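All of the numbers you see were taken from the coordinates with simple rules; none came from a lab. Not measured: the values here are computed from a predicted model.
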Amino acid sequence: MEILIFRTNVTCRKVADDLAPLFDGCSAVLKWSFDLEDCDRILRVEAPSNISEALIGLLQNKGIECEELPYEL
C-alpha cells in the first residue's frame, strides 16, 4: 500500500468535490481526501502502487497544480 501526499492549489471544497469523478473513476485509487485547512492544501491518496506521476498528469490536465511531498510516519 502506498500513501501519496501532494501539495495543491485547490482552495475550496467545490473544486475538490468536482475532482471526485477523476479519483473515483481511477481503479488504482483506493482512498483519497483533501485537507483544505492545511496551508499546503494537501491531497492524500492511498493506492496499491506508486501512481504519483499519473495523478500529477491527470490533475495538471484539469488545471490543478500539485507537487508530491514525502510521506513520513
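Points worth noting:
- Equivalent ellipsoid semi-axes - Cα gyration tensor, the chain, angstrom: 17, 15, 11
- Taking θ as phi - 60° and the Karplus parameters 6.51, -1.76 and 1.60, the scalar couplings of the range 13-27 work out to 4, 4, 5, 4, 5, 5, 7, 3, x, 4, 6, 5, x, 9, 5 Hz in sequence order, x denoting glycine and proline.
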